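Quick notes on the structure that follows.
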Amino acid sequence: MDENLPKKLKFGFDARHEVSSVRDLGWVGKKNGELLGLMTLNGFEGFITIDKNLANQQNLKRFSIGVFVLNAKNSKIQTLSLFLPKLNQYINDPSADQLVIVNI
């Protein structure tokens, strides 16, 4: 999970998945490209963010990681929790695109 997401959000994910935040990993302040590279090198399968410009700023094809962008109006836990059912559905779908915009 990106550093701008509330840490409590990770407790709403399907138990089959191990979820870490950028803060948990000590990667706060890393630029998106470096962050995606670190995640790829460390075996992460997905990155969750609310940064709607990420796909325009990065060549995602350089990374073997799925990117899930929550199309949220803010980063409050109450708002983002509404995305969890759909987000879990996408995360569990092996045929999901590399870039998934999650709407509610």
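The values are calculated or read from the model by the stated rules, or taken from the named source; none is laboratory data. All values reported here derive from a predicted model rather than from experimental measurement. No Cβ is skipped: glycine too gets one built from the backbone with ideal geometry, and neighbour counts run over all protein chains shown. Side chains are part of the model used for accessible areas, which takes the heavy atoms of the whole protein and leaves out ligands, DNA and RNA. Shrake-Rupley method; radii C 1.70, N 1.55, O 1.52, S 1.80 Å.
Looking across segment 11-31, just one residue is open to solvent by less than 30 Å² (accessible area, probe 1.4 Å) and assigned to a helix (DSSP H, G or I), and that is Val22.
When segment 82-93 is filtered for residues that are open to solvent by 50 Å² or more (accessible area, probe 1.4 Å) and either at pLDDT 95 or above or of a type outside the set (Asp, Glu) (or both), the ones remaining, listed by number, are Leu82, Pro85, Lys86, Gln89, Tyr90, Asn92. For segment 14-29, the set of residues classified as closer than 17 Å to Gly43 by Cβ and either at pLDDT below 95 or not aromatic (Phe, Trp, Tyr) (or both) consists of Arg16, His17, Glu18, Val19, Ser20, Ser21, Val22, Asp24, Leu25, Gly26, listed by residue number. Residues in segment 39-49 that are in a helix (DSSP H, G or I), touching a residue at least 12 places away in the same chain (Cβ under 8 Å) and surrounded by fewer than 16 Cβ atoms within 10 Å (Cβ to Cβ): Thr40 only. Go through the residues of segment 63-79 one by one and say whether even a single one is under 14 Å from the mean Cα position of the chain (by Cα) and part of a helix (DSSP H, G or I). Looking for residues that are under 14 Å from the mean Cα position of the chain (by Cα) and part of a helix (DSSP H, G or I), one finds none in segment 63-79, hence no.
Cβ-Cβ contacts under 6 Å between residues 6 or more apart (or on different chains), taken from a first residue in segment 87-104 that is in contact (Cβ under 8 Å) with a residue 24 or more places away in the chain to a second residue that is charged (D, E, K, R) and part of a loop (DSSP other than H, G, I, E, B), are listed as Asn88/Asp14.
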